[in-house]
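The values are calculated or read from the model by the stated rules, or taken from the named source; none is laboratory data. Not measured: the values here are computed from a predicted model. As a convention, Cβ positions derive from the backbone with ideal geometry for all residues, glycine included, and neighbour counts pool all protein chains shown.
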Ligand SMILES: C[S@@+](CC[C@H](N)C(=O)[O-])C[C@H]1O[C@@H](n2cnc3c(N)ncnc32)[C@H](O)[C@@H]1O
């Protein structure tokens, strides 16, 4: 499926996206254990910016947030006067794989609630962009719960095996070190949250 078709689909979800607070909670969980002071944080497939804004608590020099959907980005940028008055976050429209940065320049890569749209190909790119010792944090849906159907099914890449437990979730970060995976749940909804370090 081409990027324009994908962007149109996600544009159509933008207006009400922030009403679902689960996504904001997942983004917070990704950022929570990370150390302060990164130079460059990347928010991969940022949507309306939950992870990018959550990352501001780390006091980064820069955050680059990339998403295919102009409408999602417009929602994100509309929050900037309140949430990012200093303009630390740069919002960029376009594909998030590959991320538009040089090799080994990022200190943190965040990918919240989006891996199931990007596919396993994202991991090689995250290895590429992270500095040695850089931190990766992503969420991933469980293969026991995630059953894409109808129009939605076409948006899900085939190269990703969805994990059914924390061990399988951690295994997605092959090639990274200090990998940990936990189950993050709010009410009846849950995802795996994975943290890892670039070797
Ligand atoms: C479920 S939303 C998650 C948004 C955000 N990360 C969050 O935590 O709420 C998925 C996002 O992935 C974006 N997306 C899907 N495929 C993409 C791609 N190949 N490149 C960039 N963004 C993509 C969509 O536009 C959408 O904003």
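Return the residues of the range 86-100 that are buried (at least 17 other Cβ atoms within 10 Å of the Cβ) and more than 14 Å from the ligand (Cβ to nearest atom); say none if nothing qualifies.
The answer is 88, and nothing else.
I'd like the full set of residues that are surrounded by 15 or more Cβ atoms within 10 Å (Cβ to Cβ) and away from the ligand (no atom under 13 Å from the Cβ), limited to the range 44-61. It would help to see each step written out before you state the result.
Step one: filter the range 44-61 for residues surrounded by 15 or more Cβ atoms within 10 Å (Cβ to Cβ), giving 44-56, 58, 60.
Selection gives 56, 58, 60.
Can you go through 160, 115 and tell me which one is in contact with a strand residue (DSSP E or B) (Cβ under 9 Å, 6 or more places away or on another chain), over 19 Å from residue 55 (Cβ atoms) and surrounded by 12 or more Cβ atoms within 10 Å (Cβ to Cβ)? Spell out how you get there, then give the answer.
Values: 115 fails: over 19 Å from residue 55 (Cβ atoms).
Answer to the check: 160.
Taking the conditions exactly as written (within 27 Å of residue 5 (Cα to Cα), touching a residue at least 24 places away in the same chain (Cβ under 8 Å) and either under 13 Å from the mean Cα position of the chain (by Cα) or in a helix (DSSP H, G or I) (or both)), does residue 48 satisfy them or not? Show your work before the answer.
Details: within 27 Å of residue 5 (Cα to Cα): yes; touching a residue at least 24 places away in the same chain (Cβ under 8 Å): yes; either under 13 Å from the mean Cα position of the chain (by Cα) or in a helix (DSSP H, G or I) (or both): yes.
Against the criterion (within 27 Å of residue 5 (Cα to Cα), touching a residue at least 24 places away in the same chain (Cβ under 8 Å) and either under 13 Å from the mean Cα position of the chain (by Cα) or in a helix (DSSP H, G or I) (or both)), residue 48 qualifies.
Check off (1) without any contact (Cβ under 8 Å) to a residue 12 or more places away in the chain; (2) within 11 Å of the ligand (Cβ to nearest atom) for residue 117 and give me the number that stays unchecked.
(1)
I'd like to check something: does the range 29-43 contain any residue that is outside any loop (DSSP other than H, G, I, E, B), modelled with pLDDT of 95 or more, buried (at least 19 other Cβ atoms within 10 Å of the Cβ) and within 9 Å of the ligand (Cβ to nearest atom)?
Yes: one or more hits.
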